[in-house]
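Student: Below you'll find the structure I mean.
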Amino acid sequence: MKISINVGGMLYLILGILFLLLAIQSAKTGGMWTFSTVFLMVFAALDIGTALRSFMLQRKLLKKKTKNGEGY
């Protein structure tokens, strides 16, 4: 089963937000520069970056499809 680019992007965005919230909780309890906080922040940044790239790719593909006259 193949999922669309937007669904994958939304999943990555949700995971990124979840990791970001966990990093904030970790920073409140253990300090800002502990290994777990930095690890969670890195994963959040990677997930959110992947989500943004997938949204931009979907937009680019839609523009290309519309430009070629294929419509939606």
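The values are calculated or read from the model by the stated rules, or taken from the named source; none is laboratory data. Treat the numbers as computed from the prediction; the structure is a model and nothing was measured. Neighbour counts run over all protein chains shown; Cβ positions are idealised from the backbone, glycine included.
For (1) of a type in the set (A, V, I, L, M, F, W, C); (2) at pLDDT below 95, each residue gets a yes or a no:
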| residue | (1), (2) |
| --- | --- |
| 2 | no, yes |
| 9 | no, no |
| 22 | yes, no |
| 36 | no, yes |
| 65 | no, yes |
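Student: Another question, then. Is there any pair with a first residue in the range 38-64 that is farther than 30 Å from residue 25 by Cα and a second that is in a helix (DSSP H, G or I) whose Cβ atoms are under 8 Å apart and which are 6 or more apart or on different chains, and what are they?
Tutor: 57/5; 58/5; 58/6; 58/9; 61/5
To keep it simple, each residue is scored yes or no on (1) under 21 Å from the mean Cα position of the chain (by Cα); (2) of a type in the set (Ser, Thr, Tyr); (3) part of a helix (DSSP H, G or I).
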| site | (1), (2), (3) |
| --- | --- |
| 3 | yes, no, no |
| 13 | yes, no, yes |
| 16 | yes, no, yes |
| 25 | yes, no, yes |
| 29 | no, yes, yes |
| 40 | yes, no, yes |
| 52 | yes, no, yes |
| 60 | yes, no, yes |
| 69 | no, no, no |
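Student: Here are some residues: 27, 44, 51. Which one is over 21 Å from residue 3 (Cβ atoms), touching a Phe, Trp or Tyr at 6+ places or on another chain (Cβ under 8 Å), of a type in the set (Gly, Ala, Ser) and surrounded by 15 or more Cβ atoms within 10 Å (Cβ to Cβ)? Step through it out loud before you land on a result.
Tutor: On the way: 27 fails: touching a Phe, Trp or Tyr at 6+ places or on another chain (Cβ under 8 Å); 51 fails: over 21 Å from residue 3 (Cβ atoms).
Among 27, 44, 51, only 44 is over 21 Å from residue 3 (Cβ atoms), touching a Phe, Trp or Tyr at 6+ places or on another chain (Cβ under 8 Å), of a type in the set (Gly, Ala, Ser) and surrounded by 15 or more Cβ atoms within 10 Å (Cβ to Cβ).
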